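Please find one structure pasted underneath; my questions will follow.
The values are calculated or read from the model by the stated rules, or taken from the named source; none is laboratory data. As the structure is a prediction and not an experimental result, all values here were calculated from the model. Virtual Cβ from ideal backbone geometry, glycine too; neighbours counted across all protein chains shown. All accessible areas refer to the heavy atoms of the entire protein, side chains included, with ligands and DNA or RNA removed. Shrake-Rupley method; radii C 1.70, N 1.55, O 1.52, S 1.80 Å.
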Amino acid sequence: MKEIPSDIGSKRARVVLQECGLINDPTALSCEDIAYSRGVTDIKALNIDGSQGRIMIDGNEAIISYDNKIYNEGKRRFVIAHEIGHFELHRELLNNQVHNDDEKTLSEWYAKGPHEKQANKFAAELLMPSHLYIEKVGGQIFNLDLIKSVADFFQTSITSTLIKYLSLGDFPIAIIFSNEGKVEWSSFSNDFLLQYVPKGMDVPENSVAMDFYDGHQLPNEPESIEALDWFLHDFNVKKHAEVGFYEQCIQLGDKAILSCIWND
Ligand SMILES: [Zn+2]
């Protein structure tokens with residue numbers, strides 16, 4: 001049985017959900033209404049270049065802004081939830097400051113320092129309370145349709161929903177994000193057989209991801225691949241040469257895709 005996370009960010013989010021009466025129904029209030037009910041004084045969509053969100057705290061005033069060029073509703077909700085996280089966890093620290101968040105502070109893989117990680121954990125738990133998430137995915141075979149339906153339920157982005165699956169799903173998976181044919185980041189369930197794909201690596205020749213970069217349509221179903229296709233830099237790859245792996249991809253931008261990989 002998977003456990004509810006006990007890090008400081010997730011714990012604080014669960015307190016907020018409890019106090020707002022949302023613990024079993026996290027979409028009953030918009031992120032904006034949650035923020036206002038906690039004491040945020042204003043939320044604005046602005047043209048912010050180079051950042052996706054920001055919070056400005058000055059005594060009793062707290063203003064959250066997010067970039068008006070974020071078109072994905074799940075992402076927009078995550079950015080606001082991240083800023084609510086700073087408001088809940090780092091209010092004193094950020095007093096008299098403007099804190100800016102960009103692609104790096106908002107992602108699990110680049111976020112430096114404890115505060116960004118705490119705000120990201122907070123956001124993931126606020127939007128997808130773990131006990132509900134476990135109910136949704138428990139005992140179900142992994143596939144992207146499952147993740148899409150969970151993302152629909154929580155009104156979250158596919159990426160944040162997949163990240164949560166790494167720790168709460170019943171099937172170990174790897175997720176690899178590539179852009180213009182190069183790996184930008186990867187992340188793994190703790191019990192996935194292989195754990196290493198170097199950043200900057202070219203998308204491998206025989207992968208489903210490569211088909212996409214070659215101009216083909218992404219298949220709707222998972223396809224068989226071999227461990228060596230993606231994991232040739234992992235020391236343990238030879239041990240798992242006989243294991244059958246699957247890859248299924250989802251397009252996230254003009255030239256960006258996320259590959260999900262799991263085994264039999
Ligand atoms: Zn931040």
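Which pairs have Cβ atoms under 8 Å, sit 6 or more apart or on different chains, and link a residue in segment 1-27 that is assigned by TED's automatic domain parsing to the domain that holds Glu108 to one that is among the polar types (S, T, N, Q) and in a loop (DSSP other than H, G, I, E, B)?
Every condition considered, the pairs that remain are Thr27/Gln155.
If you don't mind, there's one more thing I want to ask. All but one of (1) in the same structural domain as Ala62 (by TED's automatic domain parsing); (2) within 28 Å of Asp170 (Cα to Cα); (3) over 17 Å from the mean Cα position of the chain (by Cα) hold for Ala123; state the number of the condition that does not hold.
It fails just one condition, (3).
Of everything in segment 74-98, what is more than 14 Å from the ligand (Cβ to nearest atom) and within 29 Å of Ser149 (Cα to Cα)? Give them in sequence order.
Gly74, Lys75, Arg76, Arg77
I've got another one for you. So which pairs qualify, if the first residue must be in segment 217-229 and more than 15 Å from Asp264 (Cβ to Cβ), the second must be open to solvent by less than 100 Å² (accessible area, probe 1.4 Å) and in a loop (DSSP other than H, G, I, E, B), the Cβ gap must be under 8 Å, and the two must be at least 6 apart or on different chains?
Leu228/Ala241; Asp229/Pro204; Asp229/Ser207
Which one of these is within 16 Å of the ligand (Cβ to nearest atom), over 19 Å from Phe154 (Cβ atoms), among the hydroxyl-bearing types (Ser, Thr, Tyr) and within 19 Å of the chain's Cα centre (by Cα): Ser6, Ser51?
Ser51
Identify all residues within segment 108-120 that are under 10 Å from the mean Cα position of the chain (by Cα) and at pLDDT 85 or above; write none if there are none.
If the condition is that a residue be under 10 Å from the mean Cα position of the chain (by Cα) and at pLDDT 85 or above, then Asn120 is the only one that fits.
Inspect all residues belonging to segment 160-168 and state whether any of them is within 15 Å of the ligand (Cβ to nearest atom) and modelled with pLDDT of 95 or more.
Checked against the condition, which is being within 15 Å of the ligand (Cβ to nearest atom) and modelled with pLDDT of 95 or more, segment 160-168 yields at least one hit.
For segment 114-132, indicate whether the set of residues that are farther than 17 Å from Asp7 by Cα and part of a helix (DSSP H, G or I) is non-empty.
Yes - at least one qualifying residue is present in segment 114-132.
Per-residue answers, yes or no, for (1) buried (at least 17 other Cβ atoms within 10 Å of the Cβ); (2) among the charged types (D, E, K, R):
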{"site": "Phe188", "(1), (2)": "yes, no"}
{"site": "Val197", "(1), (2)": "yes, no"}
{"site": "Gly200", "(1), (2)": "no, no"}
{"site": "Pro204", "(1), (2)": "yes, no"}
{"site": "Ala209", "(1), (2)": "yes, no"}
{"site": "Phe212", "(1), (2)": "yes, no"}
{"site": "Lys238", "(1), (2)": "no, yes"}
{"site": "Gly244", "(1), (2)": "no, no"}
{"site": "Cys249", "(1), (2)": "yes, no"}
